[in-house]
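Engineer: Dropping the structure in here first, questions after.
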Amino acid sequence: MSVTVRVPAKVNVQLAVGGLRPDGFHDLANVFLAVAIHDEVTVTPSDSLRITVSGPNAHQVPVDGSNLVAKAARLLAERFGTDPRVHLHIAKDIPVAGGMAGGSADCAAALVACEALWGTGATREDLHTLAAELGSDVPFPLLGGAALGRGRGELLEPLETGGTFHWVFAMAQGGLSTPAVYRECDRLREERGLGSSTADIPAPQPSPELLEALRLGDPAALGARIAASNDLQEAALSLRPALAETLRTGTEAGALAALVSGSGPTCAFLAKDPESANDVAEALLASNTCRSVRVTHGPVGGAAVVGG
């Protein structure tokens with residue numbers, strides 16, 4: 001017997017970052033949108049907990065206990081009194097180290113798959129609680145669609161969307177360390193004399209106009225609000241200046257908006273329609289400013305059992 005769960009990647013349509021908290025985290029107003037690039041995690045009973053990976057750049061994914069899917073299986077088993085002796089196979093399609101939360105998505109899929117295999121009786125609320133313990137970005141792939149993340153991003157409020165949005169993702173050569181990008185954000189704020197603590201930086205808030213554009217399904221209105229929506233973009237560009245050329249290329253090719261997705265280094269481009277998305281993708285590929293390009297759409301649903 002085995003269980004397979006399909007889980008989506010995400011783009012951060014808005015990422016408002018508050019000041020540095022005493023616990024080392026930052027409060028966020030994080031608007032997530034799930035997009036139609038998926039990984040699949042298959043769980044099968046085994047003599048021991050082990051991980052295998054297939055797909056593009058599978059060799060970059062750890063197959064030891066540091067992988068979030070192993071942590072998910074162990075945590076669920078511990079909470080519900082089960083032995084985590086399973087084989088977890090990850091079929092990758094979400095770019096590795098691409099800033100699209102592929103590792104977090106796989107972790108969410110492992111929770112759903114192991115629960116289905118073991119029949120623990122855990123509710124979605126239980127899984128959400130466990131997901132939040134495993135990482136700030138892990139709860140959203142359980143939900144999918146669109147959502148506003150508060151706290152570290154793990155406190156989710158589903159958002160209404162009125163249509164489909166078309167996206168192009170340009171993957172950079174190499175990755176960017178998320179902690180390093182947050183540190184650079186704090187450094188730049190200090191350099192400007194703004195301070196970097198919660199006492200200095202206003203609490204982050206979502207853009208009402210951006211949320212309304214999502215609700216209406218209006219890509220032009222959404223594009224108009226995305227330009228300054230990522231508080232980490234300046235830090236990512238400071239650490240990786242070459243990303244500015246990628247953003248410029250996509251904008252000149254007709255994208256409605258261009259932004260660094262989350263902490264990067266992936267750049268995301270909102271397009272008017274599928275034809276425009278293909279035009280942007282072709283221009284990016286021809287520019288040699290990125291290692292690969294993906295065209296997709298969203299929102300799509302969250303982690304779901306697709307085989308077993």
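Each reported figure results from applying straightforward, stated rules to the coordinates on display, with no laboratory input. Model, not experiment: these values are computed from the prediction. Backbone-built Cβ (ideal geometry, glycine too); neighbour counts: all protein chains shown.
Engineer: Round to the nearest 10 and give me the degree value, 0 to 90, for the angle of helix 102-118's Cα axis relative to the longest principal axis of the chain.
Structural biologist: It is inclined by approximately 30 degrees.
Engineer: Further question on the same structure: Quick one: Debye curve from the C-alpha atoms of segment 1-143, no solvent, what's log10 I(q)/I(0) at q = 0.13, 0.16, 0.18 Å⁻¹?
Structural biologist: The calculated log intensity ratios at q = 0.13, 0.16, 0.18 Å⁻¹ are -0.55, -0.81, -1.00.
Engineer: By the scheme Lys and Arg +1, Asp and Glu -1, what is the net charge of all other residues having a beta-carbon under 12 Å from that of Asn278?
Structural biologist: Numbers: positive: Lys272, Arg294; negative: Asp273, Glu275, Asp279, Glu282.
Net charge in that neighbourhood comes out at -2.
Engineer: What nm distance separates the two modelled labels at Ala199 and Arg21, each placed 7 Å from Cα along Cα→Cβ?
Structural biologist: That separation, rounded to one decimal, is 1.8 nm.
Engineer: If the elastic network links every pair of Cα atoms under 10 Å, which of Ala236, Ala16, Ala203 fluctuates the most in the Gaussian network model of the chain?
Structural biologist: Highest fluctuation among the options: Ala203.
Engineer: Okay, moving on. Report the calculated FRET efficiency for Glu190 and Ala220 (r = Cβ-Cβ distance, R0 = 30 Å), to the nearest 0.05. Don't skip to the answer; put the middle values down first.
Structural biologist: Working: r = 37 Å, r/R0 = 1.22.
Result of the calculation: an efficiency of 0.25.
Engineer: Still on this structure: Given Cβ point charges of +1 (Lys, Arg) and -1 (Asp, Glu) and nothing else, what value in debye, to the nearest 20, does the dipole of segment 1-155 about its Cα centre take?
Structural biologist: Working: 12 positive and 16 negative charges, 30 e Å.
Computed about the Cα centre, the dipole is about 140 debye.
Engineer: Just subtract the alpha-carbon distance of Val306 and Arg291 from 0.36 nm times their residue separation and send over the number in nm, one decimal.
Structural biologist: 2.3 nm
Engineer: Same structure, new question: How high is the relative contact order of segment 3-159, in percent, counting Cα pairs under 8 Å that sit 6 or more residues apart? Write out the running numbers ahead of the final one.
Structural biologist: Numbers: 347 pairs, mean separation 46.8, N = 157.
In percent, rounded to a whole number, it is 30.
Engineer: For the pair Gln173 and Glu133, what calculated FRET efficiency results from E = 1/(1 + (r/R0)^6), where r is the Cβ-Cβ distance and R0 = 25 Å, to the nearest 0.05?
Structural biologist: Numbers: r = 33 Å, r/R0 = 1.32.
FRET efficiency, Glu133 to Gln173: 0.15.
Engineer: While we're here: Reachable aspartates and glutamates from Lys272, Cα under 12 Å, same-chain residues fewer than 8 places away excluded?
Structural biologist: Candidates past the 8-residue exclusion: Asp218.
Engineer: Note down the nm distance, to one decimal, between modelled labels 7 Å out along Cα→Cβ at Arg248 and at Arg79.
Structural biologist: Each label point lies 7 Å from its Cα, and together they span 4.8 nm.
Engineer: Given the DSSP H assignment, sum -39500 (n - 2.57) over each helix run of at least 4 residues in the chain and divide by its residue total; what's the result at 222 nm in deg cm²/dmol, nearest 500?
Structural biologist: Details: 10 runs with 108 residues, N = 308.
Computed ellipticity for the chain at 222 nm equals -10500 deg cm²/dmol.
Engineer: With the chain treated as a Gaussian network of Cα nodes joined by springs under 10 Å, which of Gly99, Gly145, Gly193 yields the largest mean-square fluctuation?
Structural biologist: So, out of Gly99, Gly145, Gly193, the one fluctuating most is Gly193.
Engineer: Please state the charge dipole magnitude for the chain, taken about the Cα centre, from unit charges on C-beta atoms (+1 on K and R, -1 on D and E), reported in debye and rounded to the nearest 20. If you can, show how the numbers build up before the last one.
Structural biologist: Values: 23 positive and 34 negative charges, 77 e Å.
In total the dipole reaches around 360 debye.
Engineer: For a distance above 23 Å, tell me the whole-number percent of Cα pairs in the chain that qualify. If you can, show how the numbers build up before the last one.
Structural biologist: Details: 25970 of 47278 pairs.
Result for the distance tail: 55 percent.
Engineer: A follow-up question, please. Label-point separation (nm) for Ser66 and Met1, each offset 7 Å from Cα along Cα-to-Cβ?
Structural biologist: Taking the simple label geometry, Ser66 and Met1 are separated by 3.4 nm.
Engineer: In Å and whole numbers, how far do the C-alpha atoms of segment 247-308 stretch along each principal axis, longest first?
Structural biologist: So the three principal-axis extents are 44, 26, 18 Å.
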